[in-house]
Amino acid sequence: MTLNVYLSGEIHTDWREQIIDGAKGLDITFSAPVTDHDASDDCGVAILGAEDNKYWHDHKGAMINAIRTRKAIEDADVVVVRFGEKYRQWNAAFDAGYAAAKGKSLIVLQQPEHDHPLKEVNAAALAVAREPHQVVEILRYVLTGGLGS
């Protein structure tokens with residue numbers, strides 16, 4: 001069995017690399033959004049032209065990023081959504097909802113202090129992990145049926 005796993009959410013820490021490194025040797029293909037913050041924010045105006053109004057600047061970028069995000073979520077078997085400590089990631093919540101609506105297996109990665117604000121998102125998830133290594137162990141178990149590395 002091969003898994004396609006989309007790693008969505010927070011871009012300010014190395015959680016994606018921890019999961020990818022921990023899953024070496026497993027039959028998993030990973031995908032992710034563009035994690036270069038400036039490129040992600042400015043892709044719309046860089047490609048389609050400048051905007052004087054910040055709303056339209058952001059809107060153009062969001063639409064272009066949505067092409068990648070929708071494709072990746074649709075192709076995914078499992079969607080992992082990370083909610084970080086520092087920023088409110090509205091886009092991550094949207095990705096989690098979109099994945100749930102598409103019937104994707106959803107794993108949320110977040111700290112206990114976000115349990116209450118994310119209660120609806122967590123209710124749609126099949127697992128809520130606290131650490132990247134827990135996500136790796138879930139993926140390992142799904143693929144091999146075994147516990148531990």
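The values are calculated or read from the model by the stated rules, or taken from the named source; none is laboratory data. Predicted model only: the values in this text are computed from it and were never measured. Glycine gets a Cβ as well: all are built from the backbone with ideal geometry, and neighbour counts include every protein chain shown. Surface areas here come from the heavy atoms of the whole protein model, side chains and all, with no ligands, DNA or RNA. Shrake-Rupley method; radii C 1.70, N 1.55, O 1.52, S 1.80 Å.
Just to be sure I understand, how many residues within the range 115-149 are in a helix (DSSP H, G or I) and open to solvent by 40 Å² or more (accessible area, probe 1.4 Å)?
Within the range 115-149, the subset in a helix (DSSP H, G or I) is 119-124, 132-144.
Okay, now just the ones that are also open to solvent by 40 Å² or more (accessible area, probe 1.4 Å), so 119-120, 123-124, 133-134, 137-138, 141-142, 144.
Of the residues in the range 115-149, 11 are in a helix (DSSP H, G or I) and open to solvent by 40 Å² or more (accessible area, probe 1.4 Å).
Matching residues to (1) farther than 22 Å from I28 by Cα; (2) under 13 Å from the mean Cα position of the chain (by Cα); (3) aromatic (F, W, Y):
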position: Y55; (1), (2), (3): yes, no, yes
position: E74; (1), (2), (3): no, yes, no
position: W90; (1), (2), (3): yes, yes, yes
position: A93; (1), (2), (3): yes, yes, no
position: A96; (1), (2), (3): no, yes, no
position: A101; (1), (2), (3): yes, no, no
position: P117; (1), (2), (3): yes, no, no
position: A124; (1), (2), (3): yes, no, no
Within the range 98-114, the residues that are more than 17 Å from V5 (Cβ to Cβ) and touching a helix residue (DSSP H, G or I) at 6+ places or on another chain (Cβ under 7 Å) are none
Scan the range 14-50 for residues that are closer than 15 Å to E131 by Cα, open to solvent by 70 Å² or more (accessible area, probe 1.4 Å) and in a loop (DSSP other than H, G, I, E, B) and jot them down. D14
